[in-house]
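The values are calculated or read from the model by the stated rules, or taken from the named source; none is laboratory data. Predicted, not measured: the structure shown is a model, and the values here were computed from it. Heads up, the Cβs are rebuilt from the backbone with ideal geometry, glycines too, and the neighbour counts pull from every protein chain shown.
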Amino acid sequence: MRQERRTGRILLLGGTSEIGHEILRALDAPAGCEVILAGRDESRMAELGAALPYTVRTVPYDATDLDSHQRLVDDLFAAGPVDLVVSAAGVLTPQAELDADPRAAGTLIETNLTGHVTTLLAAVPHLRAQGRGLIVVLSSVAAVRPRKANFVYGAAKAGLDAFARGLADSLHGSGVRVLLVRPGFVIGRMTAGMPPAPAATTAPEVGAAVAAAVAAGAGTVWVPRTLGPVSALFHLIPRPLWRRLRR
Ligand SMILES: NC(=O)c1ccc[n+]([C@@H]2O[C@H](COP(=O)([O-])OP(=O)(O)OC[C@H]3O[C@@H](n4cnc5c(N)ncnc54)[C@H](OP(=O)(O)O)[C@@H]3O)[C@@H](O)[C@H]2O)c1
């Protein structure tokens, strides 16, 4: 039985995330497991938490409140070991809105990149001291090559993806692992109103793929799996053609 099957405490950063909750469901962790939902929307977290087959508690977490992350993480680990951290906070603000409001672009970068960095780096010494644990990072196919249709989101995900890969290497041999998740278009709350992209997937499919990757001890998972080899071809597309992509 692998280390993650012993999971006793799970921290979901982005406590209302659809994908995050599907990961929790698919993991099929032991019934006595405690799940900590960390997020902004207390009542929604309580509602979603009530549907989970675990002991659930909620804590306030704002990914953009960078000064609060060290204290929050220290307090959570002071209450006991954390076996799994799922870093799922994110926003997908339309590029046109960001073009018109550069401060909103800054908030997107803070939410999708900087907040993950400050929170996870605060957790790393605790995880190292435990000598075990798993960090699941929600990257995206958008990290692979920037598209003009969402290049600020792509920039944040590229940074987060690089951070997660470097973190995985820095933790090698410590007993702590990183699982990097790269979904394509996921039909759901974040993409509501957008026409699905080719090879679109769903949050339950992402949850199942992550659970399988955790069980297999994988370091990276693409959802759907075919997106890995397909995205490798993105770099072969000449830039004049790439910039014609409308989405
Ligand atoms: N959906 C997709 O197509 C897709 C594809 C690839 C990767 N991803 C990534 O997967 C992750 C989860 O996405 P999802 O599909 O589950 O979307 P979701 O249901 O909209 O979840 C996003 C989560 O981020 C939280 N969040 C946003 N801003 C925050 C802030 N300032 N502080 C704390 N939490 C904040 C949201 O909380 P509130 O309820 O407070 O807003 C929500 O819990 C994201 O990182 C996303 O970029 C999604």
**Message:** Yes or no: the range 205-221 includes at least one residue that is within 9 Å of the ligand (Cβ to nearest atom) and closer than 19 Å to L120 by Cβ.
**Reply:** no
**Asked** Can you name the condition, by its number, that A143 falls short on among (1) without any contact (Cβ under 8 Å) to a residue 40 or more places away in the chain; (2) surrounded by fewer than 20 Cβ atoms within 10 Å (Cβ to Cβ)?
**Response** (2)
**Item:** From M190, M194, residue being near the ligand (Cβ under 8 Å from one of its atoms), of a type in the set (A, V, I, L, M, F, W, C) and over 21 Å from P229 (Cα atoms)
**Value:** M190
**Message:** Of all residues being within 14 Å of the ligand (Cβ to nearest atom) and assigned to a loop (DSSP other than H, G, I, E, B) in the range 132-156, which is farthest from the chain's Cα centre (by Cα)? Just the residue, please.
**Reply:** R147
**Request:** Filter the range 48-63 for residues that are of a type in the set (A, V, I, L, M) and under 8 Å from V35 (Cα atoms) and give the result.
**Result:** V56
**Fill in**
Expected single match for surrounded by 15 or more Cβ atoms within 10 Å (Cβ to Cβ), aliphatic (A, V, I, L, M), closer than 18 Å to L37 by Cβ and modelled with pLDDT of 95 or more among V82, V124 is V82
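Conditions tested, residue by residue: (1) of a type in the set (A, V, I, L, M, F, W, C); (2) buried (at least 17 other Cβ atoms within 10 Å of the Cβ).
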residue	(1), (2)
G154	no, yes
D161	no, yes
H172	no, no
R177	no, yes
V186	yes, yes
**Message:** Filter the range 53-98 down to the residues that are in contact with a strand residue (DSSP E or B) (Cβ under 6 Å, 6 or more places away or on another chain), of a type in the set (A, V, I, L, M), part of a loop (DSSP other than H, G, I, E, B) and away from the ligand (no atom under 11 Å from the Cβ) and list them by number.
**Reply:** V82
